[in-house]
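Structure record follows, encoded as structure tokens.
What follows is calculated from the coordinates using simple rules that are stated; it is not laboratory data. Model, not experiment: these values are computed from the prediction. Counting neighbours? That spans all protein chains shown, and the Cβs are built from the backbone with ideal geometry, glycine included.
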Amino acid sequence: MLKEIKSKYILKSIFSYLKSRFKLKIIKHNKKLLNKLNISKKTFEKYILLKELNEKYKVNIQDIDIKILSFDFNEKIIKILNQLELKELNLLDLSQKGLKKINFFQDLLLNFKELNLSDNRIVNIDILEKVNLNSLEKLDLSYNEIFDINVLSKIDCKKIKELNLSGNRISDIKVLAKVNFKNLKLLNLHKNLIKNIDILNNVNAKILEELILSCNKISSFDLFKNNNNNFTRLKILNLGGNEIPNISELQKLNFGKLTIISDIKFLDIVYMIDSTGGMNPWISIIRSALNTIYNKLNKNIILRKYDIRFGGIFYRDPIDDHFSIHEYQYLGDANDLVKKMEIIRAENGGDEPEDCVGAYTISLDKDKMKWRKDSVKIIIHIAETGAHGNEFSHLDHHPDQGPKLVCLIKKCAEERISIFGYGIGYHHLAVKSFEVCKRIYDEVKYKNYSFDIHDLYYSDRYHKFTIGEFADIIIKHILDFISQNNHK
């Protein structure tokens, strides 16, 4: 029976069988039963440790021979794993564990072929210098917050076949020229901040087959114009989503069997935020949630093929308060918008409605916002109250503003800019204004683009949104929109 279960590599079934048939506590001291099951005392003690890991610490062990291992960091777990004296793992999977630091690696006596640390919040990877990586063939550090990869020159990379550094904040890749990538076949640097790739000319990666450089800030492909001996085995080169002029000319170069990918999808998101009166708490929440939203969108499978940029419009009411001014941040890196929002203060606002005409005028100014051609465009409009104009607010004294806003909303529809309106006031004035905007938008809207309204008012008017709650709401609406409107 045990051999049958072994063949299925299901650890949980083994424990269930032992517990139900022989009472697990007795087995530990019963040599006859151990002999009957053909299990040595040392092997059984190993099972006991595995049971503790599996049930008490929720360690995910998918293979009875422990070839694949995943766990949430805990000092007790590290000690138990070391007691097991494992020789080698096929895969140590620590992805999506919320890790910020990986210092525990220096205490972990494990050897593994694949290490997956993706989808965490790791900034510093210097500790890898102290880890035994002699057997490592695949290293996945994607979608973290890493900016310094100099430690690669201090670890043994000879056996590494795949190196994934995508979705980080790496700008300097000079260290790659100091590493001996004797067996490297795939190098993924997608979605970083790399501008110059000339150093790749000196990288020792003779058998590299796939090089992914999409969604960076690269402006030249001169490196590939010459017949570079480093890339004789290259099969796939992805340069999409960069700032390379005339990238189509790259296709004309003679690269033999090389497939060149130069296209990528773009997603441009502009936050349009009411910045009057008591909006400071909301501005703080939005700013704090921005990096969470950016990271989760980047990590989502649907959006990994997108280059995502953020911009912001912070509107007030100069119509009633002539000392008020609108402020904006053109589309770019999420960090640029966060820095801008750190100096934004909610202030002034003469009467109940605000100057949405000014806000939408800025949004449609391509020189100010820098919308990209063929991008999926979204405005996230967050407001506590409505817009000037009799059509949008019954309390307004500026009837000339209504027709102007009507034209601007229609223009957004014509430009295929989708709008998500979020009303946060308990009196619902913003939502009522959005409803009018939606009717105008729908008169001219194109397929796969929309004006969606979301009322964020809770039954408890004093409910305070957490950063996580707000981030999850925005992420869900963006992903739903992308999926439902065939922008995938």
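Residues with amide H under 5 Å of Phe451's amide H, sequence separation 5 or more or different chain, H placed in the peptide plane at 1.01 Å from N; which?
Amide H to amide H, under 5 Å and 5 or more residues apart or across chains, Phe451 pairs with Ile419.
What distance in nm separates the two pseudo spin-label positions at Gln106 and Ser284, each 7 Å out from Cα along the beta-carbon direction?
So the label points at Gln106 and Ser284 sit 3.7 nm apart.
So who's got an amide H within less than 5 Å of the one on Met272, skipping anything under 5 residues away but keeping other chains? H placed 1.01 Å off N, in plane.
Ile313, Ile380, His381, Ile382
Under 8 Å for C-alpha pairs, at least 6 residues apart: give me the relative contact order for the range 283-434, rounded to a whole percent.
It rounds to 19 percent for the range 283-434.
What's the percent breakdown of Cα-Cα distances in the range 265-484 across 10 Å bins, shortest bin first?
Going out from 0 Å in 10 Å bins, the range 265-484 shows 8, 36, 40, 15, 1 percent.
How big, in percent, is the set of alpha carbon pairs in the range 325-402 lying more than 22 Å apart?
The answer is 35 percent, as a whole percent.
Rounded to whole Å, give me the distance from the Cα center of the range 296-319 to that of the range 164-190.
The distance from the Cα centre of the range 296-319 to that of the range 164-190 comes to 27 Å.
Multiply the residue separation of Glu415 and Ser95 by 0.36 nm, subtract the distance between their alpha-carbon atoms, and state the gained length in nm to one decimal.
Stretched out fully, the Glu415 to Ser95 stretch lengthens by 111.2 nm.
At 7 Å along Cα-to-Cβ for each site, give me the label-to-label distance between Ile325 and Ser220 in nm.
A separation of 3.8 nm, rounded to one decimal place.
Determine the dipole magnitude for the range 265-484: charges of +1 sit on the beta-carbon of Lys and Arg, -1 on that of Asp and Glu, nothing else is charged, the reference point is the Cα centre, and the result goes in debye to the nearest 20.
For this selection, approximately 1240 debye.
If R0 is 41 Å, what FRET efficiency do you get for Asn196 and Asn300 from their C-beta distance, rounded to 0.05?
Result of the calculation: an efficiency of 0.90.
How far is it, in nm, from the label point at Lys476 to the one at Glu137 when both lie 7 Å from their Cα along the line to the Cβ?
According to this spin-label approximation, the distance is 4.2 nm.
Give Lys130/Lys476; Lys195/Lys445; Lys161/Lys370; Lys97/Lys159; Lys100/Lys161; Lys97/Lys206 a once-over and call out the pairs whose C-alpha atoms are over 32 Å from each other.
Those over the limit are Lys130/Lys476; Lys195/Lys445; Lys161/Lys370; Lys97/Lys206.
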